[in-house]
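Please treat every number below as a calculation from the coordinates, not as lab data. Here the structure is a predicted model, which means the values were calculated and not measured. When we count neighbours, we look across all protein chains shown, and the Cβ atoms used for this are built from the backbone with ideal geometry, even at glycine.
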Amino acid sequence: MPVVYHTVARVGEIQPGELRYVEAGGKGICLANVDGEIVALDNACTHEQASLSDGAITRDRIECPLHGGAFDARSGEPLSYPAVFPVKTYRVEIDGDEIRVGIRT
Ligand code: FES
């Protein structure tokens with residue numbers, strides 16, 4: 001399946017240690033700035049669908065706001081209970097000052 005890149009934000013709008021909700025290709029995405037690297041994950045927590053962009057990020061660990069489950073921001077792997085299933089991650093490319101997220105179509 002081809003990957004289509006969608007512009008979702010501009011470089012500099014999301015500072016290190018920040019999360020941001022965006023939409024790309026009809027999907028809700030949580031953008032995160034991990035020490036200067038922009039990463040993208042499904043916004044819905046795999047536990048009970050809470051909005052991860054409303055959570056907190058410490059270095060590369062995103063903590064869900066509802067029950068405190070946590071995920072690795074780069075891999076989407078669960079790090080702490082009650083999160084036990086990984087959250088999907090997406091490719092990110094920087095094109096000029098645009099942050100673009102790749103969605104398979
Ligand atoms: S909804 Fe995220 S840990 Fe429960």
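Answer rounded, prolate or oblate for region 3-104, using the Cα gyration tensor with square roots of eigenvalues a ≥ b ≥ c: rounded when a/c is under 1.5, else prolate when a/b is larger than b/c, else oblate. In terms of gyration-tensor shape, prolate. Counting 0.36 nm for each residue step from E37 to E13 and taking away their Cα separation leaves a gain of 7.4 nm. Figure legend: label point modelled 7 angstrom from the Cα of R91 along Cα→Cβ; residues of region 22-49 with amide N under 17 Å from it are 24-25, 38-42. Here each label is just a point 7 Å from Cα along the line to Cβ, and for V84 and R61 those points are 2.1 nm apart.
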